[in-house]
Structure formats: C-alpha cells, structure tokens
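The values are calculated or read from the model by the stated rules, or taken from the named source; none is laboratory data. Since we're looking at a predicted model, the values are computed, not measured. Cβ sites come from the backbone with ideal geometry, for glycine too, and all protein chains shown count toward neighbours.
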Amino acid sequence: MISCRRQAPDACAIGDPQGCLDSLQALVGRLERSAADAGMAAPRLWLTGDLVNRGPRSLATLRWAIGQGERVVTVLGNHDLHLLAVAAGARPAHRRDTLHDVLAAPDRDALIEWLRQRPIAHLEQGHLLVHAGVLPQWSAERTMKLAAEVEAVLRGPDWADFLRQMYGDEPSRWHDDLRGVDRLRVIVNALTRLRFLRADGSIDLRLKEGANAAPAGHLPWFDAPDRRSADVTVVFGHWSTLGLLLRPNLIGLDTGCVWGGALTAVRLSDRAVTQVPCPRAQDPGGD
C-alpha cells in the first residue's frame, strides 16, 4: 500500500481507464486507504486520458470524474476526442465502441460540454501530463502553448467543424509555419496518438507494437535525439503494448486495463507503484 502527500505535485498519476470504472474505483480506494493510514489527505489524481470507450461503464466513469471536482486532472485522449466527434455528428461510431450509454444519457449535453473543456496537456512543477507523446522539437512550455491552440478551438463555437477535419495522418512532420487545420491536426496527433517516429522525424501512426518491436528506421518518440522535453518528466498513457515505463524523466502508465491487464497508479514524488488487476473488457487489438 502507498500514500500520496498533500502538497502538489505529489499526486498519483493513473493510466487509461477506458470506461473500466470498477477497476478505477478499486485503485483509487487503495490509494485513499493508504493515505488515511499514513494520516495524509486523499491523493490528487492525474489521469492520462481515455476516460471512455471499449470498457463497460463509460457514462459512469465520466460522471465519477466530474464528481471529483478539482481533485482530478485529466487530459484528453484519442477515445475522448472520438466521443466528442461522434456526439457532434462529425464521425461515425465504431463497431467496438461502448459509448451508447453516454450518447443516450439525459445529461449528455453537460457531459460533452465538460469533456470538451478538458486540457490536452497539463504542466505542473516539472511534470508534463499528456495522453500519448511529445514531438522532439517541443519543449514543455512550447507543448503547453500548442495545446492551448487546440483547446481554444475545442472550447469555441466551431468545435464540431474542427472535429470533422481533425482526422488524418498528414502532415506527418511538424513545421513551425504550419497553419490552420494542418497545424492543429499535427498537434492533436502528437499529443493523443503518437508512439513511433521515423528516422527523418516524421510521425508513423500505423505502428502499435511495443517499443522493442519497431521496424528498422523507427524509434519511440521518447528516444528521439535532443528531445527538448527531456528536462521535465513526461507522464503519458496510450501505449498498452509498451506497458509500465519508469525512467528518470518518463512515466508510461497504460498497462492494458481494458484488455485484461492492470490499471496502474504511480506516485509522482517517489515513483511508488500501485496496481489492480482488470477483467478483460475487450480482446486485444486496436488502440
């Protein structure tokens, strides 16, 4: 059992729940009991995104997160953006989606409004929280500024129009002079979908293997030479085939809960790990 201290940034970061609320509540319960046993306040919770989809309780997970108030910080993941796009009529539902309960809920509009107000990156006292990755050209501060560009559109009146144009794998390389939808698409792809980079620095969004299974000429985004975010600790999820990754400046947290793996929390102050096993909600495959 572990505990989290009261002061920021001594939060507990948790990997992708994907609608697996029972596992999430079990994990948070362990953290809370440990904190109480140590005479400490309940931990703050940093979620790496993908609150919804593929698991059985997307609606209840959203309502739970909202009910936690400012105690929870969550960034948007690719499945969260997919829910927004489906709700806006900008994208059809997928066969494997488990979003019907959200879309049919009486409080649907309030849930969607809350979700589209979430950040796509969060920086606090040396920890940068994103769903997937950070391009090597971006410092933590630059990442936050670029994320703010996407957040402004998602929170604005034209958010549904943006979601209709957001999907696609091109452009595959970042340039500072990118403008309009192309610019926003690269930012979204990096922060919510990134795993591998090609040797020329372009993004390859097709590969979903583990870091050691990359074909020649590819490398994980976090191993890119001269990565400008290396001076902070990047906390991320998304990459279930990578599993738990702990390095001095990296915390990778997606341990495949929805696929029958585990849901993982890491205390930011000392890297103490807590995990709960998860029942399989879906057969492995997809992201």
Legend entry - Pair list, Cβ < 9 Å and 6+ apart or interchain, from the stretch 202-214 residues that are at pLDDT 90 or above to residues that are part of a loop (DSSP other than H, G, I, E, B) and acidic (Asp, Glu): Ile203/Asp169; Asp204/Asp169; Leu205/Asp169; Arg206/Asp169
Inset, instruction - From Ala230, Ala148, grab the single residue that is part of a helix (DSSP H, G or I), surrounded by 13 or more Cβ atoms within 10 Å (Cβ to Cβ), small (Gly, Ala, Ser) and within 19 Å of the chain's Cα centre (by Cα). - result: Ala148
Inset, instruction - Check off (1) touching a helix residue (DSSP H, G or I) at 6+ places or on another chain (Cβ under 9 Å); (2) small (Gly, Ala, Ser); (3) without any contact (Cβ under 8 Å) to a residue 12 or more places away in the chain for Ser58 and give me the number that stays unchecked. - result: (3)
Inset, instruction - Confirm whether Ser269 is in contact (Cβ under 8 Å) with a residue 40 or more places away in the chain, buried (at least 17 other Cβ atoms within 10 Å of the Cβ) and part of a loop (DSSP other than H, G, I, E, B). - result: no
Legend entry - Members of the stretch 59-99 that are closer than 20 Å to Gln165 by Cα, of a type outside the set (A, V, I, L, M) and surrounded by fewer than 17 Cβ atoms within 10 Å (Cβ to Cβ): Gly89, Pro92, His94
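Suppose we filter Arg193, Arg173, Arg185 for residues that are touching a residue at least 24 places away in the same chain (Cβ under 8 Å) and either crowded, with 19+ Cβ neighbours inside 10 Å or under 16 Å from Thr48 (Cα atoms) (or both); which single one remains?
Arg193
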Inset, instruction - Can you confirm whether the stretch 220-236 contains a residue that is under 12 Å from Val134 (Cβ atoms) and among the basic types (Lys, Arg)? - result: yes
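Against the condition farther than 24 Å from Pro220 by Cα, charged (D, E, K, R) and in contact (Cβ under 8 Å) with a residue 12 or more places away in the chain, how does Arg142 come out, does it pass?
It is false that Arg142 is farther than 24 Å from Pro220 by Cα, charged (D, E, K, R) and in contact (Cβ under 8 Å) with a residue 12 or more places away in the chain.
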Legend entry - So Ile120, is it touching a residue at least 40 places away in the same chain (Cβ under 8 Å), out of contact with any Pro (no Cβ under 7 Å at 6 or more places or on another chain) and assigned to a loop (DSSP other than H, G, I, E, B): yes
Legend entry - Residue that is modelled with the lowest pLDDT [pool: residues in the stretch 258-287 that are in contact with a Lys or Arg (Cβ under 7 Å, 6 or more places away or on another chain) and among the small types (Gly, Ala, Ser)]: Gly286
Legend entry - Residue that is farthest from the chain's Cα centre (by Cα), among those in the stretch 17-44 that are buried (at least 20 other Cβ atoms within 10 Å of the Cβ) and under 12 Å from Thr264 (Cα atoms): Leu31
Inset, instruction - Mind listing whichever residues of the stretch 1-16 are among the aliphatic types (A, V, I, L, M), crowded, with 22+ Cβ neighbours inside 10 Å and either modelled with pLDDT of 95 or more or more than 21 Å from Leu250 (Cα to Cα) (or both)? - result: Ala13, Ile14
Inset, instruction - Identify, from the list Leu207, Leu246, Leu242, the residue that is hydrophobic (A, V, I, L, M, F, W, C) and either touching a Ser or Thr at 6+ places or on another chain (Cβ under 8 Å) or assigned to a strand (DSSP E or B) (or both). - result: Leu246
Inset, instruction - Using the structure shown, decide if Leu76 is closer than 24 Å to Gly126 by Cα and without any contact (Cβ under 8 Å) to a residue 40 or more places away in the chain. - result: no
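Residue-by-condition table, conditions (1) modelled with pLDDT of 95 or more; (2) surrounded by 22 or more Cβ atoms within 10 Å (Cβ to Cβ); (3) more than 21 Å from Gly55 (Cβ to Cβ):
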residue: Asp101; (1), (2), (3): yes, no, no
residue: Glu113; (1), (2), (3): yes, no, yes
residue: Ala121; (1), (2), (3): yes, yes, yes
residue: Leu128; (1), (2), (3): yes, yes, yes
residue: Leu135; (1), (2), (3): yes, yes, yes
residue: Trp138; (1), (2), (3): yes, yes, yes
